[in-house]
Amino acid sequence: MIDGGDTLRRLVLNAVGYSGLAPLARPLVGGIGAILMLHRVTANLERPDGANRHLNIAPAFLDALITDMKAGGTEFVTMDEALERVRRGGKGGQFATITADDGYRDNLTEALPVLERHGVPITIYIAPALIDGTVDLWWEVIDDIVNARDMLFLNTAEGRVMIDCSSPAKRAEANARLQEYLTIDVREEDQRTALHELSRSCGVDPTGPGRKTLMGWEEVRAAAAHPLVTIGAHTVHHYSLKRLNEETARREIIDAGRILESELGEKPRHMAYPYGYPSAVGEREVVLAKAAGYASAVTTRHGVLRADHAGHLHALPRISINGRYQRVSYIRTMLSGITTPLANAGKMLVTV
């Protein structure tokens, strides 16, 4: 959200919270609403100390957050209604819409019961290849890899490199190096091959994390049939679109909608860019999403919604609700809008 480590971010959030600036600033910088971004929602994380624990929040925290936001006057709406309110310049009062990326099973089993209690809708963005297992949850697989051996070997352009995984600190470094390898050094289209090669060398099943944690198609269909759930597209293979040539990126965006329509009987109206940060999505991707006919597309850029987003419906920011900031007070501060310019070099209108 803000440059620097988690400690600095929490210091900023605490300082703003304790100072009382957030409620004072909200009328000036608070915007008209927000899109909240979830990934996992479970009380039973498989690896509570794993590298990806930040992607998870507890169901109890989601419940507390919704309760607090409602008490503060926020109305929870569908993505379609959120777009309409943006077009109307925020008339109707503060609103929020909840989204979740990737299609984790706990969205259905643990998050949805919380949402049902509150009558709150959610949009879940699905990448078909993650659901059918032709793409792996590589960020979870590399966590398994670095925990499997005290050392591993990586074949790079500079030759074979040994990576130390013998301590928690070294495993964190190894995880970061493997993330860099798979998202920068290796082409998106070659990522799975490289991941499987690493997995074999360490005796790790690269398909395991996806099978354990992601919905299957029957579960996606059950979610789609629920009155509170909207299914959106998350491209086909969850590739970083900016790393693809234009035609491949176009097919990723279009084919995701086509496959979801075939599986669910309805074409998705909304999409989320995989990763969503500046190196993964830019102006070209926004043009492609709009041309594909989606009504909206969301990034992972940090920010609240403003009336001017009516002209940028395919480059919408979100507020990440994640395990690093499981305090209602932190999210209140983010929703005040005061962290939006802090995270975006002073910009109030966050797009791409």
- What ranking, highest mean first, results for peptides 290-297, 46-53 when packing means the other Cβ atoms within 10 Å averaged over each residue? 290-297, 46-53
- Note on the structure: Under 5 Å from the placed amide H of Ala272, counting only residues 5+ away or on other chains, we find Ala233, His234, Thr235, Val298
- Residue-normalised 222 nm signal for the chain, counting each DSSP H run of n ≥ 4 as -39,500 (n - 2.57), nearest 500 deg cm²/dmol, is -12500 deg cm²/dmol
- Task: Under a cut-off of 16 Å between alpha-carbon atoms, report the aspartates and glutamates in cross-link reach of Lys212, not counting same-chain residues fewer than 8 places apart.
- Result: Glu46, Asp102, Asp106, Glu110, Asp132, Asp136, Glu140, Asp143, Asp144
- Message: Report the gain in length on full extension from Glu180 to Ala148: 0.36 nm times residue separation, minus Cα-Cα distance, nm rounded to one decimal.
- Response: 9.6 nm
- List the lysines whose Cα lies under 21 Å from the Cα of Lys70, skipping any in the same chain that are fewer than 8 positions away. Lys91
- Item | Sequence-distant residues sharing a close amide H with Leu305 (under 5 Å, placed H) | Ile32, Gly33, Ala34, Ile35
- How many percent of the accessible area of the chain is carbon or sulfur, using a 1.4 Å probe? 52
- Note on the structure: Protection proxy (average C-beta count within 10 Å per residue), highest first, orders 84-92, 149-157, 232-240, 335-343 as 232-240, 335-343, 84-92, 149-157
- Query: Using r as the Cβ-Cβ distance of Ser262 and Tyr18, and R0 as 41 Å, what FRET efficiency do you calculate, to the nearest 0.05?
  - Reply: 0.20
- Sequence-distant lysines (8 or more away, or on other chains) whose Cα lies within less than 22 Å of Lys347: none
- Query: Helix 191-202 versus the longest principal axis of the chain: what is the Cα-based angle in degrees, 0 to 90, to the nearest 10?
  - Reply: 50
- Task: Order these peptides, 250-257, 201-208, by their mean beta-carbon neighbour count within 10 angstrom, highest first.
- Result: 250-257, 201-208
- Query: Per residue Cα convex hull volume for segment 254-330, in cubic angstrom?
  - Reply: 128
- How large is the accessible surface per residue of the chain, computed with a 1.4 Å probe and reported in Å² as a whole number? 43
- Task: Would you kindly derive the ³J(HN,Hα) couplings of segment 71-88 from the backbone phi angles with the Karplus curve 6.51 cos²θ - 1.76 cosθ + 1.60 (θ = phi - 60°), listing them in order in whole Hz, with x for Gly and Pro?
- Result: 4, x, x, 7, 9, 8, 10, 6, 4, 4, 5, 4, 4, 5, 5, 4, 4, 7
- Counting Lys and Arg as +1 and Asp and Glu as -1, each charge on the Cβ, what is the dipole of segment 151-309 about the Cα centre in debye, to the nearest 20? 240
- Message: Let me spell out the model: positive unit charges on the Cβ of Lys and Arg, negative unit charges on the Cβ of Asp and Glu, origin at the Cα centre of segment 258-334. What dipole size does that give, in debye rounded to 20?
- Response: 340
- State the extension gain, in nm to one decimal, for the chain segment bounded by Glu246 and Ala64, taking 0.36 nm per residue of separation less the distance between their alpha-carbons. 61.2 nm
- Residue among Leu288, Ile184, Pro128 farthest towards the positive dipole end of the chain, charges placed on Cβ: Leu288
- Note on the structure: Along segment 329-341, Karplus-curve 3J(HN,Hα) (6.51, -1.76, 1.60; θ = phi - 60°) to the nearest Hz, with x for Gly and Pro, reads 4, 5, 5, 4, 5, 4, 5, 5, x, 5, 8, 4, x
- Task: Using only protein heavy atoms and a 1.4 Å probe, report how much of Leu108 is accessible, in Å² to the nearest 10.
- Result: 40
- Note on the structure: the chain, Gaussian network, Cα under 10 Å: of Leu115, Leu244, Leu36, the residue fluctuating most is Leu244
- For helix 138-148, report the angle its Cα long axis makes with the longest principal axis of the Cα atoms of the chain; keep it between 0 and 90° and round to the nearest 10°. 50
- Query: To the nearest 20 debye, what is the magnitude of the charge dipole of the chain about its Cα centre, counting +1 on the Cβ of each Lys and Arg and -1 on the Cβ of each Asp and Glu?
  - Reply: 1160
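The values are calculated or read from the model by the stated rules, or taken from the named source; none is laboratory data. Quantities reported herein were computed from a predicted structural model and do not represent experimental measurements. Positions of Cβ are backbone-derived with ideal geometry, glycine not excepted, and every protein chain shown enters the neighbour counts. When the accessible area is computed, the model is the full protein with side chains, heavy atoms only, and any ligands, DNA or RNA have been set aside. Shrake-Rupley method; radii C 1.70, N 1.55, O 1.52, S 1.80 Å.
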